1. Over the chain, calculate the relative contact order: mean separation of alpha carbon pairs under 8 Å at least 6 apart, over the residue count, as a percent.
2. Over segment 1-63, with a single point scatterer placed on each C-alpha, what log10 of the ratio I(q)/I(0) does the Debye formula yield at q = 0.23, 0.24 1/Å?
3. Hey, could you pull the Cα Rg and Dmax for the chain, both in Å?
4. What dipole magnitude, in Debye to the nearest 20, does the chain give about its Cα centre under +1 on Lys/Arg Cβ and -1 on Asp/Glu Cβ?
5. Round to the nearest 0.05 the FRET efficiency obtained for SER68 and VAL24 when R0 = 25 Å and r is the Cβ-Cβ distance.
6. In nanometres, what is the gap between the two model label sites at ARG151 and ARG119, each 7 Å from Cα along Cα-to-Cβ?
7. Filter the trypsin sites (Lys or Arg not before Pro) in segment 1-61 to those in DSSP coil with at most 15 other Cβ atoms within 10 Å of their Cβ, and list the result.
8. For segment 55-172, with all protein chains present and a 1.4 Å probe, just round the carbon and sulfur fraction of the accessible area to a whole percent.
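The values are calculated or read from the model by the stated rules, or taken from the named source; none is laboratory data. As the structure is a computational prediction, the values presented were derived from the model and not from experiment. Don't worry about glycine lacking a Cβ; one is built from the backbone with ideal geometry, like all the others, and counts go over all protein chains shown. Accessible surface areas use protein heavy atoms only, side chains included; no ligands, DNA or RNA. Shrake-Rupley method; radii C 1.70, N 1.55, O 1.52, S 1.80 Å.
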Amino acid sequence: MTSPENLLVDYALGLGGRDLPPQVEEKAVHCLLDALSLGRLASHHPVVEAVLATVGRSQGAQAWVDDSSLSAGDAALLNGTAVHAFFQDDTDMSAWAHPASLVVPAVVAVAQQTGADTRTMLKGLVAGYVTLSWLAADEEVARQLVESGFRASPTLGALAAAVGAGVVAKLDAAALHSALGIAADSTGGTLE
């Protein structure tokens, strides 16, 4: 029997080598534009300003709130915070989660850092969104998490972001396994 981790790695590797259907690519563009717009609108939100005050200026990725250059990690943190600041980001009802604040900032930051083209970035967005939905198991896993007192977004989101960013960075199987392991450890840390 194939493990869930192997299924995710195989999915991510397979997605990198094929084109997205036009309607899927268009939906990914809509998700991207929605997240970018929400991130820009939150530039003066107190939580966003607090995060902005903690990040250092660096090269790699762009802060959506002020166009400054940050490390990819800091950009993903800041942009994710901005997207979710007003709680208007998209919701995957079957996952009980907000993929725009989890997947989009990580995927865009890695795309900017690696110089990935737009189509590759869109594949990463699709991979992250699909991963989040798949992990939620048509609401079964997500519902159990919520009923146990955990939020589905932070519990499943790190794994979804890792798969999406891994597609963009064109990670091989071993690196994808490592990325999923690190993401799972991060999630486990927040559960403890």
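1. Averaging sequence separation for qualifying contacts and normalising by length gives 23 percent for the chain.
2. -0.96, -0.99
3. Cα-based Rg and Dmax for the chain come out at 15.7, 50 Å.
4. Dipole size: approximately 320 debye.
5. With R0 = 25 Å, the Cβ-Cβ based efficiency is 0.20.
6. In this crude label model, ARG151 to ARG119 measures out at 3.7 nm.
7. ARG18
8. The C+S portion of the solvent-accessible surface of segment 55-172 is 54 percent.
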